[in-house]
Amino acid sequence: MSDPIHLVIVAGTRPNFIKIAPLMRTFEKVDDVRITLVHTGQHYDDKMSKAFFADLGIREPDSNLDIGVGNLAQQTARIIERFDALLETLQPDGVIVVGDVTSTASAAWATAHRHIPLFHVEAGLRSNDRGMPEELNRLVTDRLSDLLFCSEQSGVTNLRNEGTEENQVRFVGNVMIDTLLHFQEKAEARGYWQNLKLPDNGYGLITLHRPSNVDDKATFRGLLDVLHSCGERLPLVWPMHPRARARLETFGWLEEIENSEHFHILPPLGYLDFINLLMHCRVALSDSGGLQEEATCLRKPILTLRHNTERPSTCEYGGNQLVGTDPEKIYAAFRRVLDDPDFDCQAPPLWDGHTSERILQHLRQFYEARQNETGGADKLVESTPAR
């Protein structure tokens with residue numbers, strides 16, 4: 001019997017944790033794969049990290065790069081330096097990165113530099129807005145990866161249009177939805193919305209964190225004003241991201257928002273409590289990427305406070321509306337949602353809870369093909385990443 005395939009899974013932020021949970025659960029059930037879990041420490045706040053590990057049943061990481069606070073360049077440099085040193089020690093057969101955060105692209109660069117097979121989960125998504133750090137991370141990571149696992153058909157199309165080899169691309173479905181469907185019953189049992197004494201299907205759910213929305217004073221003020229108007233028609237629950245809270249403090253608006261009768265301000269929540277709130281809300285208003293997918297799967301309307309999305313299937317199949325940051329457009333869309341009691345949508349193809357199993361199968365095929373090419377030699381031979 002050959003040795004297990006040794007794979008390193010890298011995560012660094014709350015969205016990453018949601019995406020690696022089904023991979024960890026699936027891979028650690030089998031004997032032919034061995035996992036080393038690496039946490040970069042990009043989200044270093046306990047509320048943003050440890051709570052999610054506990055909720056999602058993810059074991060303690062085998063290694064924490066502990067990069068801590070810093071600007072984009074500092075965090076990128078630390079991850080590359082420290083992950084490169086770890087790869088030299090581990091000598092894994094492959095590295096899996098997920099999503100589009102700093103940790104994703106930085107770990108991808110270190111991996112490709114060492115000619116270790118690299119696999120990107122959630123590949124091919126494009127907002128076509130290079131002003132977003134996430135877009136640059138997606139482009140870099142996809143270009144360096146050996147296998148690209150796409151969550152929706154747009155990803156496959158984008159990669160094909162960019163000249164990616166067909167045999168590198170796999171349409172597998174959405175790991176975030178694997179997590180959602182696995183924990184939906186457990187999240188329902190939390191009863192968090194009831195503990196807050198909220199009416200079922202009678203409140204809005206807000207998340208805001210993108211620099212383009214909260215760092216610009218005029219944009220943030222406009223969003224706060226229109227959300228206040230929305231709150232006059234429907235109570236709004238706001239689990240507040242640390243970045244949004246910091247900007248409210250800087251601009252001198254935090255006390256105003258906390259004292260408003262239209263906002264129910266909460267600290268950052270664990271995964272299960274947040275999903276419980278999403279399951280029972282009337283509408284979500286958010287600049288998040290992942291929430292577009294979760295709302296779609298739960299058949300909830302979502303107003304995305306952005307001018308673009310890298311997840312167009314949520315608009316095609318779901319109830320995602322891109323409303324940007326114009327207050328009038330946001331309020332008009334909000335009113336339309338409230339006036340449509342018969343709203344419904346559906347999940348895109350392969351959002352069925354079995355994505356991680358399909359990824360495992362493709363990885364087995366990848367290593368089987370490599371062994372056949374090398375006549376049964378060691379799995380760990382130099383590979384040339386896509387350039």
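Past 22 Å, Cα to Cα, is the threshold; run Lys186/Lys300; Lys50/Lys186; Lys19/Lys197; Lys19/Lys329 against it and keep the listed order.
Going by Cα-Cα distance, Lys19/Lys197; Lys19/Lys329 fall outside the 22 Å limit.
Run through region 43-97 and list the trypsin sites (Lys or Arg not before Pro) located in a DSSP loop whose Cβ has at most 15 other Cβ atoms within 10 Å.
Arg59
Sort region 74-162 into rounded, prolate or oblate with this rule: let a ≥ b ≥ c be the square roots of the eigenvalues of the Cα gyration tensor; rounded if a/c is under 1.5, and if a/c is not under 1.5, prolate when a/b is larger than b/c, oblate otherwise.
Oblate, since a/c reaches 1.5 and b/c is not below a/b.
Under unit Cβ charges (Lys, Arg +1; Asp, Glu -1), what dipole magnitude, rounded to 20 debye, does the chain have relative to its Cα centre?
280 debye
Could you line up Lys197, Lys300, Lys329 from fewest to most neighbouring Cβ atoms inside 10 Å?
Least crowded to most crowded, the residues run Lys197, Lys329, Lys300.
Only the coordinates and a few stated rules stand behind these numbers; no lab work does. If you're wondering where the values come from, they're calculated on a predicted model, not measured in any experiment. Quick reminder, even Gly has a Cβ in these numbers, built from the backbone with ideal geometry, and neighbours come from all protein chains shown.
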